[in-house]
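In what follows, a single structure is set out as structure tokens and then discussed.
The values are calculated or read from the model by the stated rules, or taken from the named source; none is laboratory data. Keep in mind that this is a model prediction, so the values were computed, not measured. Counting neighbours? That spans all protein chains shown, and the Cβs are built from the backbone with ideal geometry, glycine included. Note: accessible area is taken over every heavy atom of the protein model, side chains too, but ligands, DNA and RNA are not part of it. Shrake-Rupley method; radii C 1.70, N 1.55, O 1.52, S 1.80 Å.
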Amino acid sequence: MDVKFKILRFDPDKDKKPHWESYQVEMEPTDRVLDGLELIKGRVDGTLGLRRSCAHGVCGSDAMLINGKNLLACKVLVKSLPQPITIEPMRGFNVLRDLIVDMEPFFAKYRAVKPYLIEKDERPEHKERLQSPADREKFEDTTKCILCGACTTSCPSFWANPDYVGPAAIVQAHRFIFDSRDQGKEERVEVLDGRDGVWRCRTVFNCVEACPKGINVTKAIGEVKQALSKGELDPPK
Amino acid sequence: MATHQFDGIIVGAGGAGLMAALQASKTAKIAVLSKLYPTRSHTGAAQGGIGAALGNSEEDNWEWHMFDTVKGGDYLVDQDAAEIMCQEAVEAVYELEHMGLPFNRNADGTIAQRPFGGHTRDHGKAPVRRSCYAADRTGHMILQTLYQQCIKQGVTFFNEYHVIDLLTNNGAACGVVAVEIATGEIHTFHSKGVMFATGGSGRMFKITSNALTLTGDGMAVLYRKGLPLEDMEFFQFHPTGIYKMGILITEAARGEGGILRNGSGERFMERYAPTLKDLAPRDMVSRAIHQELRAGKGVNGKDYVHLDLTHLPAKTIHEKLPDITDFVETYMGLDPTKDLIPIQPTAHYAMGGIPTNSNAEVVIDEKNTPMPGLYAAGECACVSVHGANRLGTNSLVDIVVFGRRGGKAMAQFVQKAALQPLPADPEAPARARIDKLFNSTGTEVVARIREELQAEMMDKASVYRIEADLKKMLEIIEHLKKKYESVRLIDHGKKFNMELLEAFELEHLLQLAQVTVTAALARKESRGAHSRDDYPKRDDANFLKHSLAYPEGSGVRLSYKPVSITRFQPQERKY
């Protein structure tokens, strides 16, 4: 079938501001949007800039606005979309070229929540730490995050205040706060409880809709809010 | 032009590169370069698990794991290296857990384990639960966990830097040259140690589970410098790729009880591997599927068979195989609890690669002489722990064990080694490569050459091979290489010029395909993943040896070196 695309293009060396360009390519209905972009790049216009790698929704490279929604280009089939399919970069980050945005501020926020297991006790020798399946389940959902940025860039609170740490970073904090092995919960309070922390979340649920891994982001943020309210993340007395 | 100086450079930020970085950066000044963001690396796509004889669910020991690895690799495995890997796998898994990896757990809180292809109790008696897993996204968890630890440790990263040349001087490695993708600027990284951990080259085939970025860059960069590649004729086809797309459906689907069925609904693996059945090693299952297809037993006369999970409890599928459930729903519109899944073998893993010893030092000749300061680990390397066919889960074992050993070895090396001076005009070859592409007046297009290469390699050099096809394939590669000489870029910009990057990648794929086919043509036997229709038997008398391929003129020169055999003498391989 013929598939029409409208892509928001921006070349920093030539363009003052982004402009739309239209393309048409021959595709199978079951092809991914990413296949269409690759066809355009390979056959029609080699100057199209986008990031992509795994092409099946696990690496998080190709989040973009597709028909106005944040989606991974490799996880949506062309047959499911009305045409022309409009493609834009994610909102709220600086556009570096076409669909490529500056992810550094996003990763800076990720790093700010200390996204790693904080250990105080010695590691056990020649064996694993024990963790019950029930304790493992408490943070299962937030381990799925692939850091694609779809949630953060769909969040009105983030658009209004780019300093907001954002849903993705809170998801990462949740993954450790609710891990029974983590011993540094209080180290994340300053960022999460601060003026640009979790309280900026207005439970709009855009993030839940945007997450390509099906993480219940708003629920995770709610659990972090509750833990902060109850003082569960305060330093041990 | 910019020059950076470090003790050690690690190229690639998947599991092997990050593990090496964690080790080496404890005592040395290390930088990690990746053409991607680290969390985009393909380690994240590994699904089913990491094998280690923890014995949490039933009796197991590393020697059984080693036996399975050697037999699975059709006795081409270097047994000294396999012994190290299977022994150290156990501590490596504990270390990953200590770093925070969220493994699934048993009721007693220990790491959960499940069966996997070719992993057996007591030298082949029955399947054993050895694969330690985190649902069906074990690789994602490993990649995330290692990257988290790198952040904690403050490891230095240069993200989106594409390495296109290795620098050497006085017979030792002394750095790399990279293109900064965001700006197009060329950077020289001057160092005492260099490690390549750049992953595989599955994109030389049309149907592959590999990321679009898996173009064998590390292997090709070294090969271009005249260094050899080992056992490149051995490329694994995973039996269960999603039909036409190649997206991986983990072997854990069969580990959890899934069954392969042909067009008439028959569980055909019972005929090919009476003991392990659907959990036979990947090379055997992929061949069995092809034989069914050749016998006209595909589904509806087409070139696929079915993976059947419909008899499994929906809870098992949703809890232990959630990602593949998502893939099947997203890409095929099917529900694996109710529908049969159309699958075909998909190009999955390069057993061959940059020859190394068990400290991940790159060795450059038949006598295993190391090049000072040069290391390789993970899929781009050939230790060789996978021999002619890798067992499922052993890729993750490999990256963790040899990434760590390589990182340690490099850290020790840079403590005592002197920094070699840079060669004169270190960026000249890289600049010449770029200028040639930008100044070309030809008419050829990168994407079209790549498509032709992928389709022809799939047709002529995949699961089954025969002399006439391989010879024809070499001619096609010659032709495509000529076309590549006339490639013209439409994009002449500097910032995020992805067309330039893809041109380098295509050149790498063409070179590696030529090596693969040349080595496959010369290996007149069938062993592991290398199956010759015209030489259907394994031939230990003539071919129990590793191939080494060197560039020579526009062609390939082959040489061979012996296999390390310590505990297990070659036997007939039955399951």
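Restricting things to alpha carbons, find the Rg to Rh ratio for chain A using the Kirkwood radius for Rh.
1.04
Round to the nearest 0.05 the FRET efficiency obtained for A:R43 and B:K472 when R0 = 30 Å and r is the Cβ-Cβ distance.
Given R0 = 30 Å and the Cβ-Cβ separation, E is 0.70.
Pick out, in residue order, every one of the trypsin sites (Lys or Arg not before Pro) in segment B:105-161 that is DSSP loop and has at most 14 other C-beta atoms within 10 Å; say none if there are none.
The qualifying sites are B:K125.
What does the charge count near A:D35 come to, summing +1 for each Lys or Arg and -1 for each Asp or Glu among other residues with Cβ under 15 Å from its Cβ?
+4
In peptide B:107-113, how many Cβ atoms from other protein chains are near each Cβ within 10 Å, on average?
Average neighbour count from other chains, rounded to a whole number: 4.
Please list, in order along segment B:307-317, the HN-Hα scalar couplings obtained from phi with the Karplus expression 6.51 cos²θ - 1.76 cosθ + 1.60 (θ = phi - 60°), rounded to whole Hz, x for Gly and Pro.
Taking θ as phi minus 60°, the curve returns 9, 10, 10, 5, 7, 7, x, 4, 4, 4, 5 Hz for segment B:307-317.
What accessible surface, in Å², does a 1.4 Å probe find on B:H306, ignoring ligands, DNA and RNA and rounding to the nearest 10?
So the heavy atoms of B:H306 present about 30 Å² to solvent.
One quarter of the convex hull surface, Cα atoms only: what value does that give for segment B:63-142 in nm²? Write out the running numbers ahead of the final one.
Values: hull surface 23.1 nm².
Its Cα hull, projected and averaged over all orientations, spans 5.8 nm².
In whole Hz, with x marking every Gly and Pro, tabulate ³J(HN,Hα) for segment B:406-415 from phi via Karplus 6.51 cos²θ - 1.76 cosθ + 1.60, θ = phi - 60°.
So the Karplus estimates, Gly and Pro as x, are x, x, 5, 4, 5, 4, 5, 4, 6, 5 Hz.
Compute the Kirkwood hydrodynamic radius of segment B:94-200, taking the inverse of the mean of 1/r over all pairs of distinct Cα atoms, and give it in Å to one decimal.
Hydrodynamic radius (Kirkwood, Cα only) of segment B:94-200 equals 17.7 Å.
How big is the charge dipole of chain B about its Cα centre, in debye rounded to the nearest 20, if each Lys and Arg gets +1 on its Cβ and each Asp and Glu gets -1 on its Cβ?
Here the size comes out at about 240 debye.
What is the ratio of the Cα radius of gyration of the protein assembly as shown to 2.2 N^0.38 Å, with N the residue count, to two decimals?
The value comes to 0.89.
Could you pull out every residue, at least 5 positions away or on a different chain, whose amide H is within less than 5 Å of the one on B:S526? Hs are placed 1.01 Å off N in the peptide plane, and Pro or chain starts have none.
Residues meeting the criterion, in which the H sits 1.01 Å from N, are B:R532, B:K537, B:R538, B:D539.
For chain B, build the charge dipole from Cβ charges (+1 Lys, Arg; -1 Asp, Glu) around the Cα centre, then report which of B:G263, B:A197, B:N61 sits farthest towards its positive end.
Of the listed residues, the answer is B:G263.
So, taking all protein chains as they sit and a 1.4 Å probe, how much accessible area belongs to B:L548, in Å² rounded to tens?
0
Could you tell me the accessible area of B:Y223 in Å² (1.4 Å probe, neighbours in place), rounded to the nearest ten?
10
So how tilted is helix B:79-99 from the main axis of chain B? Cα-based, degrees 0 to 90, rounded to 10.
Tilt relative to chain B: about 90 degrees.
Here is the link list: A:K109/B:K206; B:K71/B:K367; A:K6/B:K495; A:K69/B:K494; A:K144/A:K185; A:K109/B:K495. Which ones come out longer than 27 Å on Cα distance?
A:K109/B:K206; A:K69/B:K494
I need the helices of chain A that pass two filters: whole DSSP H segments spanning 15 Å or more by Cα along the axis, and mean Kyte-Doolittle score no lower than 0.5.
Length and hydropathy pass: A:166-177.
Considering the dipole of segment A:2-101 built from charges on the beta carbon (Lys and Arg +1, Asp and Glu -1) around the Cα centre, which of A:L99, A:S53, A:S80 is farthest to its positive end?
It is A:L99, whose Cα lies furthest towards the positive end.
Using alpha carbons only, how many degrees (0 to 90, rounded to 10) separate the axis of helix B:322-332 from the longest principal axis of chain B?
90
Of A:N161, A:A112, A:T142, which is farthest towards the positive pole of segment A:104-229's charge dipole, taken about the Cα centre with +1 and -1 on the beta-carbons of Lys, Arg and Asp, Glu respectively?
Ranked along the dipole, the leading option is A:N161.
Under the rule of at least 5 residues apart or a separate chain, name every residue whose amide H is placed under 5 Å from the amide H of A:V101.
A:L96
Of the beta bridges DSSP finds with both residues in the protein assembly as shown, what % are antiparallel, to the nearest 5?
DSSP beta bridges in the protein assembly as shown are roughly 70 percent antiparallel.
Can you run phi through the Karplus equation (6.51, -1.76, 1.60; θ = phi - 60°) for segment B:249-255 and list ³J(HN,Hα) in whole Hz, with x for Gly and Pro?
Karplus-based 3J(HN,Hα) across segment B:249-255 equals 10, 3, 4, 4, 4, 7, x Hz.
Work out, in µm²/s and without decimals, the Stokes-Einstein translational diffusion coefficient of segment B:473-575 at 4 °C, 1.567 mPa s, Rh from Kirkwood over C-alpha pairs.
Translational D for this selection: 78 µm²/s.
Under a Cβ-Cβ cut-off of 13 Å, what is the net charge of the residues other than B:K26 that fall near it, where Lys and Arg count +1 and Asp and Glu count -1? Could you put the intermediate results ahead of the total?
Working: positive: B:K29, B:K152, B:R404, B:K408; negative: B:D7.
Local net charge: +3.
Averaged across the residues of B:38-49, what count of C-beta atoms belonging to other chains lies within 10 Å of each residue's C-beta?
Details: counts 2, 9, 12, 3, 4, 1, 6, 7, 1, 1, 0, 0.
Per residue, the average neighbour count from other chains is 4.
Would you give the gap between the C-alpha center of segment B:1-59 and the C-alpha center of segment B:424-439, rounded to a whole Å?
Measuring centre to centre over Cα atoms gives 29 Å.
Given an 8 Å cut-off on Cα distances and at least 6 residues of separation, report the relative contact order of segment B:471-575 as a percent.
Averaging sequence separation for qualifying contacts and normalising by length gives 17 percent for segment B:471-575.
Percentage of Cα-Cα pair distances in segment A:2-101 greater than 15 Å, rounded to whole percent?
Numbers: 2840 of 4950 pairs.
Tail fraction, whole percent: 57.
Bin width 10 Å, alpha-carbon pairs only: give the P(r) of segment B:31-106 as whole percents, running from 0 to the bin holding the largest distance.
Histogramming segment B:31-106 at 10 Å steps yields 16, 37, 34, 13, 0 percent.
So what are the three principal axis dimensions of segment B:314-425 from its Cα atoms, in whole Å, longest to shortest?
63, 31, 28
Compute the relative contact order of chain B as a whole-number percentage, counting only Cα pairs closer than 8 Å that sit 6 or more residues apart in sequence. If you can, show how the numbers build up before the last one.
Details: 1399 pairs, mean separation 124.9, N = 575.
Relative contact order here is 22 percent.
Would you report the distance distribution of C-alpha pairs in segment A:104-229 as whole percents per 10 angstrom bin, up to the bin with the largest distance?
13, 46, 30, 9, 2
Could you work out how much longer the chain between B:Q569 and B:E63 gets when fully extended? Use 0.36 nm per residue separation minus the Cα distance between them, nm to one decimal.
Details: separation 506, 0.36 × 506 = 182.16 nm, distance 1.43 nm.
Full-extension gain reported as 180.7 nm.
With +1 on each Lys and Arg Cβ and -1 on each Asp and Glu Cβ, and nothing else charged, work out how big the dipole of segment A:2-101 is about its Cα centre, in Debye to the nearest 20. Don't jump to the answer; show the numbers that get you there.
Values: 16 positive and 14 negative charges, 70 e Å.
Around 340 debye, computed over segment A:2-101.
Taking DSSP loops as anything outside H, G, I, E and B, show the longest stretch in chain B free of GluC sites (Glu not before Pro) there with at most 16 other beta carbons within 10 Å.
The answer is B:367-571.
What is the log10 of I(q)/I(0) for chain B, computed with the Debye formula using one identical point scatterer on each Cα and no solvent, at q = 0.06, 0.07 Å⁻¹?
For the requested q values the scattering log ratios are -0.27, -0.37.
Report, in degrees rounded to the nearest 10, the 0 to 90 angle that the Cα long axis of helix B:62-72 makes with the longest principal axis of chain B.
80
Could you give the dipole magnitude of the protein assembly as shown about its Cα centre, charging the beta-carbon of Lys and Arg +1 and that of Asp and Glu -1, in debye to the nearest 20? Working shown, then result.
Numbers: 103 positive and 107 negative charges, 101 e Å.
Charge dipole of the protein assembly as shown: 480 debye, to the nearest 20.
So, counting K/R as plus one and D/E as minus one, what does the shell of residues with Cβ under 12 Å around B:T250 add up to? List each step's numbers first, then the result.
Working: positive: B:R114, B:R137, B:R254, B:R282, B:K320; negative: B:D136, B:E251, B:E256, B:D323.
Result for the local shell: +1.
Gap in Å between the Cα centre of segment B:450-482 and the Cα centre of segment B:170-193?
33
Show me, bin by bin at 5 Å from 0, the whole-percent P(r) of segment B:124-172 based on Cα pairs.
The percentages, shortest bin first, are 5, 12, 11, 13, 13, 14, 11, 8, 7, 5, 1.
Which value at 222 nm does chain B reach when only helices count, each DSSP H run of 4 or more adding -39,500 (n - 2.57), with the total divided by all residues and rounded to the nearest 500 deg cm²/dmol?
-11000 deg cm²/dmol
Relative contact order of chain A, please, whole-number percent, based on alpha carbon pairs below 8 angstrom and at least 6 residues apart.
Relative contact order comes out at 18 percent.
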